[in-house]
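Q: What follows is a single structure, and I will ask about it in a moment.
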Amino acid sequence: MFTQAHSPEQSAFGKLENGRDVLILYVKEFSKEVRAINQSALSGYTYNWFATEQKDAYVLQVTWANEVHIAIRFNSQHFGLIKQLLEPKDVILTTTPISELMENARKSDYNFLEFNDVLTFSNLYFATPSSEYQN
């Protein structure tokens, strides 16, 4: 299935309240999909990794039961993020710039980020392209 892939504009690493490592990705283009998935209350998804034809990037495609899907493109400048995903990590996909989230936390004197529309993925990891995983 061909789909439009979008690259993260910002990323950050952190820890969740339970101490687990988390990778936060900001991809503004997924606002509509994030709302649709959250409104449908779907939690089960499958994901696949693909290499581009030129083998210069990897694409993570995630599909939910309602056929809503997203595709995140990791170009060469994002390979450090893929390296972090060689071991399972929790991932938060946000449609709000991370810099804005951090500024709001600073202004409120919080030591945590307050998210609005997000998708969360538990134990997501990079694997050989074309392998399929379900959650």
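The values are calculated or read from the model by the stated rules, or taken from the named source; none is laboratory data. Keep in mind the model is a prediction, meaning the values are calculated, not measured. FYI the Cβ positions are ideal-geometry reconstructions off the backbone, even for glycines, and counts take in every protein chain you see. Side chains included, ligands, DNA and RNA excluded: accessible areas come from the protein's heavy atoms. Shrake-Rupley method; radii C 1.70, N 1.55, O 1.52, S 1.80 Å.
Q: Do any strands (runs of 3 or more DSSP E) entirely within the stretch 29-135 hold 1 or more residues that are within 16 Å of Q4 (Cβ to Cβ) and open to solvent by 30 Å² or more (accessible area, probe 1.4 Å), and if so, which?
A: Ranges flagged: 45-51, 58-64, 69-74.
Residues are listed down the side, and each one gets a yes or a no for (1) among the hydrophobic types (A, V, I, L, M, F, W, C); (2) over 24 Å from L16 (Cα atoms); (3) within 14 Å of the chain's Cα centre (by Cα):
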{"site": "V59", "(1), (2), (3)": "yes, yes, yes"}
{"site": "E67", "(1), (2), (3)": "no, yes, no"}
{"site": "A71", "(1), (2), (3)": "yes, yes, yes"}
{"site": "I82", "(1), (2), (3)": "yes, no, yes"}
{"site": "L85", "(1), (2), (3)": "yes, no, yes"}
{"site": "I92", "(1), (2), (3)": "yes, no, yes"}
{"site": "T96", "(1), (2), (3)": "no, no, yes"}
